[in-house]
Amino acid sequence: MDQDGQLTTSGRVTLTVDGTRMSTYVAKPAGQGPFPAIIFAMHIGGVEEATEEFCTLFAQNGYLTVCPDLYHRQDNGIDF
């Protein structure tokens, strides 16, 4: 919920980037836009629960926030 008690909308969407699928977490503020936007850069561990919580917190404060999986082209079996 935002400061006025309205629910934000959040979740993952899949984008196609250069022919590959990229998961992106999106958190949208409640109400009608336009909204200022933030592109949130994930850490090397990926788009994890804590990252999603930060994005949702920004949305609750009025910012459309997206966090793309910057390593979407990497094989899933690679450890960093």
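The values are calculated or read from the model by the stated rules, or taken from the named source; none is laboratory data. Quantities reported herein were computed from a predicted structural model and do not represent experimental measurements. In this analysis, Cβ positions are derived from the backbone assuming ideal geometry, glycine residues included, and neighbour counts consider all displayed protein chains. Heavy atoms of the whole protein, side chains included, go into the accessibility calculation; ligands, DNA and RNA do not. Shrake-Rupley method; radii C 1.70, N 1.55, O 1.52, S 1.80 Å.
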### strands (runs of 3 or more DSSP E) enclosed by region 1-74 - at least 3 residues per element that are polar (S, T, N, Q)
9-17, 20-28
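Let me confirm something: among Pro29, Pro34, Pro68, which residue is modelled with pLDDT of 90 or more and loosely packed, with under 12 Cβ neighbours inside 10 Å?
On the way: Pro29 fails: loosely packed, with under 12 Cβ neighbours inside 10 Å; Pro68 fails: loosely packed, with under 12 Cβ neighbours inside 10 Å.
Just a single option satisfies the conditions, and that option is Pro34.
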### Task
Could you list all residues from region 37-65 that are open to solvent by 80 Å² or more (accessible area, probe 1.4 Å) and over 18 Å from Ser10 (Cβ atoms)?
His43, Ile44
### Task
Consider Asn76 carefully, then state whether it is polar (S, T, N, Q), at pLDDT 90 or above and out of contact with any strand residue (DSSP E or B) (no Cβ under 7 Å at 6 or more places or on another chain).
no
